[in-house]
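Structure first, commentary second.
The values are calculated or read from the model by the stated rules, or taken from the named source; none is laboratory data. The shown structure was predicted, so the numbers you read here are calculated from the model rather than taken from an experiment. Every residue, glycine as well, gets a Cβ built from its backbone with ideal geometry; the counts of neighbours run over all protein chains shown. Heavy atoms of the whole protein, side chains included, go into the accessibility calculation; ligands, DNA and RNA do not. Shrake-Rupley method; radii C 1.70, N 1.55, O 1.52, S 1.80 Å.
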There are 2 protein chains.
Amino acid sequence: MIQTPYLLFLGDAPDSLSAKVAQGIKDWRPENAVGQYRLPGCKADLGLTDMTLAEARDAGARTLVIGVANRGGVISAAWKDVLIEALKMGYDLASGLHNLLGDEESLVKAARASGGTLHDVRVPSVQYPIADGKKRRGKRVLAVGTDCSVGKMYTALALDDAMRERGMKSTFRATGQTGILITGEGVPLDAVVADFMAGSIEYLTPDNDEDHWDIIEGQGSLFHVSYSGVTLALIHGGQPDALILCHEPTRQHMRGLPDYELPTLETLRDTALPLARVANPDCEVIGISINTQHMEEAEAEAYLTRVEERMGLPSVDPFRQGASRLAEALDGL
Amino acid sequence: MIQTPYLLFLGDAPDSLSAKVAQGIKDWRPENAVGQYRLPGCKADLGLTDMTLAEARDAGARTLVIGVANRGGVISAAWKDVLIEALKMGYDLASGLHNLLGDEESLVKAARASGGTLHDVRVPSVQYPIADGKKRRGKRVLAVGTDCSVGKMYTALALDDAMRERGMKSTFRATGQTGILITGEGVPLDAVVADFMAGSIEYLTPDNDEDHWDIIEGQGSLFHVSYSGVTLALIHGGQPDALILCHEPTRQHMRGLPDYELPTLETLRDTALPLARVANPDCEVIGISINTQHMEEAEAEAYLTRVEERMGLPSVDPFRQGASRLAEALDGL
C-alpha cells in the first residue's frame, strides 16, 4: 500500500498527455494530491499548486509519485536529483514506469539510507495464491470490453463515484498501474505469473459486507488474442455478480490487430456471461458503457438511444453523463 | 533446448508413481533414454538398463534428467553428490522440480566449473513477445478439456505417434514441464507472465510447411476457474485449426474445486469453438478423447459408442485404442 497523500511529480513533461497518470490521480482522488512538482521546461499543468519538496512535505505529502512518462525509457539525471532529495526528506517514491526505480542503484542506495520505500507498481510485491474458487461474501462488478482501451477503468472509477453518491458501499479495485497509483493499491495483473492470475484477483477482492461492492478494473478483452487470458482470469477470479459491457463505436479493428474485427455488444454479452456464470451462476449483465469521445454530442446521444433499445439495458457514456444509471441498476441487485 | 539422449535419474524414488516424468520419457521418446540411474533403496524401475554415469556417457548420454519427484521439496545430499559428479563428467542437468537446480549453490558452482547447463524447465528461459495474432502457415491442433488433468498431454502424444504412423508431418509442442522434459523443449506456460502467455504460444508454434501439424499440449480448462486464463491464452496464441475435446467421465467435480461441476462435452464444444474462431475462423472440433481408466473394458466401450453417437464425432480412448481415428480426422482437413 502506497502512503497518501502524494506530491505529483510532472518532471519535464513535453505535453499534458504524457502526464496522464498524474491527471488521473487529480481527477479521481483529488484528496490524494497536495500539489504538483515541475522541472524547468515542463509543458504539463494539472492546475494544482506548484510546490517544493519541503512545502509539500509540510502540507502532509508522504509519497512523491512519478505521474509522467519518461522519455526514451531512461530516468534522467535531472529527475534523479529530485528523487534522491525527496528520499532524503523522508518521502517514499512510487512509479509505474517500465524502467524500475528498484533497478537504479543511486535510488536504492538513497532509499536504504533514508528508510524510504520504492514502489514499482508494475511489479507484483505479493506472492499471490492459486485461486480456490470459493464463494466470497459481498458483491462484485466487472467491466468487460469489446476491445482493449475502450474505457473500462474510466467506467469503473465513474461508477465508484456514482455509487458513493447514492450512499452505496463501494471500493474501486485497481488491476493496472494507473489504477494502482490513483488509489494507492491493487494488483498489476499483466505482470502476474500465469498460474496465479485468478488467485491474485481473489486476493484483491476478499470477503466483505453483504451490501459492499468491489468495482474491479477490467483488463484486455475476451476477443483480443494478445490479452484474452488475462481477461478470463479476471472474470473467474473476480466471480462478478454483475458485468458492464464497454464499447468504443468508432474503432475500426481490434487495438494493434489490423486483421481482427471488433465483436458486437451482443456477442460480447453472449460470450462473457456464460463464462462468468461458471464462477457465479447469478451473474447478470446490468448495463452498457459507451466511449463516445470521437462522436459529436447529437450523434453520441442518438447512438446511446439505439444501443439502449437494442440491448434493453441502461446505456451511458460515463464521461458525458456520469455513471448514475449504472449505479442505480446495481442498487437493485 | 535440452541435449539428448538422456540418462534418467530415478534417485531413491519411493514408488513408481513418483518416477512418472521418467516413465513419460521412456514411453514416448524411448530413443531419448539410454538408461536409468538408481540410488540404493529406489523402488521404481523403468525396465531400462541400470547404468553408472560413465557407462551412460559412453553410450552417448548428454543430459542427466531428474525423472522423479523429490521428497519434502529438498534436493537431498545423496542426490547432490550424483548431480555434481555428473556435471564434472560433462553432463548437463535437467529438472522440472519446484526447487530449482539454479538455486542450489553447489550445483551452480559445479556447472560453472564444467561449462554444463542447468535446465530448470519450470522457469521460462526466453523473453517471449506479446502476441500479434498474425495468421501463421501450417496447421495446429489443440486438446481442450472439460477439466484439468483429463488426459490432454497423453492425447497429444498419442496423436503425434498416430500421425507419424500415417506418414503425416507433426510435432508435439510441449507447454508443461513433463512435456518439455519428454521432448527436450517447449514453453512452461504456467510460469509465463500474464501479458506474454499468448505470445509464448505463437513463439512455440511458428510458420511451418502447409501440411505440417503442430500438436499443442493443452493446459487447464476454460471451466476451471484457477487456470482458465492459461487455457484461453493457449487457444488464442495457438490459433488452432482443430480442437479435440477431452473428458474423464467418472470425475465428480472439477479438480480441486468441490463446488464446481464439470461441463458437458456439448458445453465445452459450444464454449471453446467460438473462442477459437476469434483467432482462426476455420477452426473445427474434429474428435473426442475420453479417459476411461476408471471404467471396465465393456463399460468404456459402451460409453465411447454413446458419446460418438451423441456428438457425431470420432470418440476414442487413446490409451486403450490409440489415436489413429483422430489422426485420420485431421488428415482430411
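A few points about this structure:
- Estimated FRET transfer efficiency when R0 is 30 angstrom, pair B:Arg71-B:Asp103 (beta carbons, to 0.05): 0.95
- Under 24 Å, Cα to Cα: Lys pairs in the range B:65-157, sequence gap 8 or more or different chains: 4
- Protein-only accessible surface order, largest first, of A:Asp331, A:Asp147 at 1.4 Å: A:Asp331, A:Asp147
- Judged by the gyration tensor of its Cα atoms, with axes a ≥ b ≥ c, the range B:290-333 is oblate; a/c meets the 1.5 cut and b/c is at least as large as a/b.
- Averaged over its residues, chain A has an accessible area of 41 Å² per residue, based on protein heavy atoms and a 1.4 Å probe.
- Once C-alpha pairs closer than 8 Å and six or more residues apart are averaged by separation and normalised to the residue number of the range A:5-164, the relative contact order reads 19 percent.
- Close amide H contacts of B:Gly145 (hydrogens built in the peptide plane, cut-off under 5 Å, sequence separation of 5 or more or a different chain): B:Leu222, B:Cys246.
- What you get for the range B:30-90, charging only the Cβ of Lys and Arg (+1) and of Asp and Glu (-1), is a dipole of about 260 debye around the Cα centre.
- Annotation for the A:B interface, with buried accessible surface near 2600 Å², both sides summed [1.4 Å probe; non-protein components not counted].
- Shielded residues, the range A:262-294 - accessible-area loss of 40 Å² or more between chain alone and all protein chains, probe 1.4 Å: A:Leu275, A:Val278
- Seen against the Cα atoms of chain A and their longest principal axis, helix A:105-114 is set at about 80 degrees.
- The angle between the Cα long axis of helix A:77-88 and the main principal axis of chain A comes to about 80°, on a 0 to 90 degree scale.
- Between the alpha-carbon centres of the range B:260-306 and the range A:1-76 there is a gap of 54 Å.
- Among B:Thr250, B:Thr117, B:Thr63: highest mean-square fluctuation, GNM of chain B, C-alpha pairs under 10 Å: B:Thr250
- Residues of the range A:171-199 buried by at least 40 Å² on assembly (accessible area, 1.4 Å probe, chain alone as reference): A:Asp190, A:Val193, A:Ala194, A:Asp195
- Net dipole in debye of the range B:161-230 [+1 Lys, Arg Cβ; -1 Asp, Glu Cβ; about Cα centre; nearest 20]: 220 debye
- Neighbouring Cβ atoms from other chains, within 10 Å of the Cβ of residues in A:129-135, number 5 on average.
- Most mobile listed residue (A:Pro281, A:Pro30, A:Pro258) in chain A, GNM with C-alpha springs under 10 Å: A:Pro258
- Between helix A:228-238 and chain A: long-axis angle, C-alpha atoms, 0 to 90°, nearest 10: 80 degrees
- Taking 7 Å steps out from each Cα toward its Cβ at B:Val82 and A:Asp270 produces label points 5.7 nm apart.
- Computed over the alpha-carbon atoms, the range A:199-265 gives an Rg to Rh ratio of 1.05, Rh here being the Kirkwood radius from the mean inverse distance.
- Among B:Gly72, B:Gly256, B:Gly41, the residue with the largest mean-square fluctuation in a Gaussian network model of chain B, with springs joining Cα atoms closer than 10 Å, is B:Gly72.
- Lys/Arg +1, Asp/Glu -1 at C-beta; the range A:117-204 dipole; positive extreme among A:Ser125, A:Met168, A:Ala194: A:Met168
- Note on chain A: semi-axes of the ellipsoid equivalent to its C-alpha gyration tensor, largest first and rounded to whole Å, are 35, 22, 19.
- Charged-residue dipole, Cβ positions (Lys, Arg, Asp, Glu), chain A about Cα centre, Debye nearest 20: 620 debye
- Heavy-atom accessible area for B:Asp211, with the other protein chains in place and a 1.4 Å probe, reaches approximately 90 Å².
- Threshold 30 Å², the range A:223-248 residues less accessible with all protein chains present than alone (1.4 Å probe): A:Phe223, A:Val225, A:Ser226, A:Tyr227, A:Ser228, A:Gly229, A:Leu232, A:His236
- For B:Tyr203, label point 7 Å along C-beta direction: distances to other copies, nm: 2.3
- Value of relative contact order over chain B, rounded to a whole percent, pairs C-alpha under 8 Å and six or more apart: 15 percent
- Percent carbon-and-sulfur accessible area, chain B, ignoring ligands, DNA and RNA, probe 1.4 Å: 48 percent
- Euclidean distance of C-alpha centroids, the range A:91-124 and the range B:131-163, integer Å: 43 Å
- Accessible area per residue was computed with a 1.4 Å probe on protein heavy atoms; B:Ile215 scores about 0 Å².
- Charge-dipole axis of chain A as Lys and Arg at +1 and Asp and Glu at -1 on Cβ define it, positive-most pick from A:Gly41, A:Ala113, A:Met153: A:Ala113
- Chain A - mean residue ellipticity at 222 nm from DSSP helices (-39,500 (n - 2.57) per run, n ≥ 4, rounded to 500): -10500 deg cm²/dmol
- For the residues A:Val74, B:Val123, a 1.4 Å probe over the protein chains yields an accessible-area ranking, largest first, of A:Val74, B:Val123.
- Cα gyration tensor shape of the protein assembly as shown, rounded if a/c is under 1.5, else prolate or oblate by comparing a/b with b/c: oblate
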